[in-house]
Amino acid sequence: MKYNFLGKSGLKVSALSYGAWVTFHSQADEEMAYKLMTKAFDEGVNFFDNAEAYADGMAEVIMGKVLKRTQWNRSEYIVSTKIFWGGKGVNQRGLSYKHIIEGTNAALKRLQLEYVDLIYCHRPDIHTPIEETVWAMNQVIKQGKAFYWGTSEWSAEQIRKAYDFAKQEHLIPPLMEQPQYNLFERNKVEKEFAQLYTDIGLGTTIWSPLASGLLTGKYTNGIPKGSRLDLPELEWLKNRLQAQNWEEKIHKVIDLHEVASSIGATLPQLAIAWCLKNPNVSTVITGASKPEQITENMKALNFVDRLDQSIIQKIEKIMNNKPSDVPDWREM
């Protein structure tokens, strides 16, 4: 396993991490979650990602039971949670001072932890001033309930505004962002956040490296029974993916499979290795419903160096979606 600093912080996270989204409670009960997390930990994973919204809090409950059962030394693993969707009540969602504090306390109770290492604002809240959110997150850290805070799916402008306000008021600024990043979703990580990496030392803990399973290749001949997109509770995800150039993406997946085979990798290993190739990616959050999937995902580390310029060029030709560079008008 390789370990990277989380942005400009002194915290090191495993290059590959494990997330509970979709899997815990929906596909994995406590016993399976134990097998999945211990397999990941044995492979060198030290970062486990969660959120109050996952399975309406049950994902945190399951992870908490697993962590208690493993009896791992607390200093050897990193846990994150995300705050935004805590319930259906009018003050149980969003990023108000009230919900951030109450949501954090509820998450810690479900996880059976005194603190989480990382806490994220799961989405931007257009109804709450960013200043209020920054104060609340600062308070969470001051109370020792988290060590670092960040954002998920925020724009570069929103992150910079939060960072600048925190610095102005001598508060703790956001240090990491959790965006979606994969061969189909590239703009935020590669273009929009480009200046933030140098200006504020932003770290990224990217999610959905396999594009919700599309980059596994298992959907090239339809949706298999029992797969993620076959789950009734994820029909919204299936509908969203199928409405976004589904057939075109399937053709690209088939072509990518040939590239993967040429270097002896599986398609998922190629897709994960491609994400790891980006120096601004601190960790790639992977998901798995079976221990053997974790083993296969971890092998992606072996293919990062095999993605030389010729392989990258083949990938770019297939994808044809590389974000355009900022133009240098002096050279025009």
query = Here are some pairs, Lys12/Lys39; Lys8/Lys98; Lys82/Lys142; Lys8/Lys188; which of them have Cα atoms lying more than 23 Å apart in this structure?
reply = Lys8/Lys98
task = Compute the separation of the alpha-carbon centres of segment 105-178 and segment 284-308 and state it in Å as a whole number.
result = 30
task = Please find the FRET efficiency linking Gln309 to Thr70, where r is the Cβ-Cβ separation and R0 is fixed at 51 Å, and quote it to the nearest 0.05.
result = 0.75
ask   = Placing +1 at every Lys and Arg Cβ and -1 at every Asp and Glu Cβ, with all other atoms neutral, what dipole size does the chain have around its Cα centre, in debye to the nearest 20?
value = 400
FRET efficiency estimate (nearest 0.05) - Cβ-Cβ, Trp329 to Lys88, R0 51 angstrom = 0.50
task = Considering only lysines 8 or more places apart in sequence, or on different chains, count the pairs in segment 197-307 whose C-alpha atoms sit under 23 Å apart.
result = 17
ask   = Is segment 281-332 rounded, prolate or oblate when judged by the Cα gyration tensor, a ≥ b ≥ c being the square roots of its eigenvalues, rounded requiring a/c under 1.5 and prolate requiring a/b larger than b/c?
value = prolate
Computed [θ] at 222 nm, helices only, for the chain once each DSSP H run of length n ≥ 4 contributes -39500 (n - 2.57) = -11500 deg cm²/dmol
request  = Could you check what % of the DSSP bridge pairs in segment 1-121 are antiparallel, to the nearest 5?
outcome  = 30
key: Semi-axis lengths, Å, segment 45-85, gyration tensor of Cα atoms, sqrt of 5 times eigenvalues   = 20, 12, 6
task = Have a look at the DSSP beta bridges in the chain and tell me what percent are antiparallel, nearest 5.
result = 15
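The numbers here are math on the coordinates, done by the rules we state, and not lab data. Everything quoted here is computed from the prediction, not taken from an experiment. No Cβ is skipped: glycine too gets one built from the backbone with ideal geometry, and neighbour counts run over all protein chains shown.
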